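So the structure is just underneath, and the comments pick up after that.
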Amino acid sequence: MKTELNMIKAIIVDDEKGARESLSKMVAKYCPHIEVVAKADSMKTALEAINTNNPDLVFLDIEMPNGNAFDLLEKIDSIDFDIIFTTAYDHYAIKAIKFSAIDYILKPIDPEELVQAVARIKNTPNKKEGLDDKLKALLSNLKPENKVKKVALSEGDGFMFIKVSEIIRCEARNHYTLFYLTDKREILSTRTIGDYEEMLKDEGFIRVHRAHLINYDCVKKYIRGEGGYVIMEDDSKIEVSRRAKTELLDRISKL
């Protein structure tokens with residue numbers, strides 16, 4: 001990330017004047033190391049502000065006149081600034097944003113959430129190629145005709161991008177998550193299994209045990225018992241909790 005005198009240059013893009021002013025005041029109060037150098041209210045003015053000011057960070061509202069934030073990003077040849085998306089509600093694109101490991105804040109913006117999002121940006125070295133990969137995954141996941149979703153797995157100082165369909169199962173390892181893939185790779189992510197459960201629950205994954213999240217499409221066999229257990233495509237035997245048994249059997253009954 002580029003800095004001048006340790007200050008982060010930021011641009012706020014939002015079509016609502018009140019939202020721009022509110023976020024600007026909040027940034028000044030709670031993030032004194034950030035200087036808001038420009039505000040934009042449309043795709044056109046946002047492009048002009050970005051080209052003129054060469055920002056380190058852009059607070060980017062998803063909805064804009066004559067397009068949206070993703071249309072704007074596709075118009076920029078080289079993105080070398082961090083992005084924090086802002087949206088007034090749980091937008092359809094939020095899942096794609098989560099999959100791509102890019103930050104976002106829901107409106108009305110809470111000061112604590114703002115500080116946390118900025119801290120994550122500040123504490124993560126912004127490698128150009130890593131940002132490019134995130135944005136490519138995001139824009140790919142947003143296309144309705146593209147059924148192959150990719151998820152960013154946080155690995156120490158970077159991210160690994162994998163297809164959701166390649167995940168057989170996830171296993172909790174304290175505050176980390178170990179991914180088992182169809183090509184026999186194992187990837188240890190620095191995020192919790194709870195984070196991935198929320199992210200993958202609508203993609204055919206089910207939390208069958210406090211330590212196990214499985215891809216339902218990769219289940220080979222279910223063995224009955226108090227909770228029972230499943231045998232996965234990698235021949236692993238995964239215990240099913242009594243609480244998860246009902247949901248699992250309900251899915252089986254719908255086959």
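No lab work stands behind these numbers, since they all come straight from the coordinates. It should be emphasised that the depicted structure is a prediction, and the values quoted were computed from it without experimental measurement. Note: ideal-geometry Cβ built from the backbone for every residue, glycine included; neighbour counts use all protein chains shown.
What full-extension length gain, to one decimal in nm, is calculated for S42 and R210 as 0.36 nm per residue of separation minus the Cα-Cα distance? Spell out each step's value before the answer.
Details: separation 168, 0.36 × 168 = 60.48 nm, distance 4.53 nm.
Result for the pair: 55.9 nm of gain on full extension.
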Among D110, D80, D14, the residue with the largest mean-square fluctuation in a Gaussian network model of the chain built from Cα contacts under 10 Å is D110
What distance in nm separates the simple spin-label points at K237 and M160, each placed 7 Å from Cα in the Cβ direction? 2.7 nm
Comparing S154, S22, S165 in a Gaussian network model of the chain (Cα, 10 Å), the one with the largest mean-square fluctuation is S22
Which of E226, E198, E239 ends up with the largest GNM mean-square fluctuation for the chain, with Cα atoms connected below 10 Å? E226
Amide N of region 33-56 lying under 20 Å from the label point, which is placed 7 angstrom from the Cα of L139 along Cα→Cβ: 42-52, 54-56
Packing rank of 63-70, 98-105, where each peptide gets the mean count of other beta carbons within 10 Å, highest leading: 98-105, 63-70
If each DSSP helix of 4+ residues adds -39,500 (n - 2.57) and the sum is divided by the residues in the chain, what number results at 222 nm, nearest 500 deg cm²/dmol? -10000 deg cm²/dmol
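For the chain, what proportion of DSSP beta bridges, expressed in % and rounded to the nearest 5, is antiparallel? Walk me through the intermediate numbers first.
On the way: 33 of 52 bridges.
Antiparallel bridges: around 65 percent, rounded to the nearest 5.
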Could you give the length gained on full extension between D77 and E197, defined as 0.36 nm per residue of separation minus the Cα-Cα distance, in nm? 39.8 nm
Which entry in (i) 0.97; (ii) 1.04; (iii) 0.93 matches Rg/Rh (Cα atoms, Kirkwood Rh) derived from the coordinates of this structure? (ii)
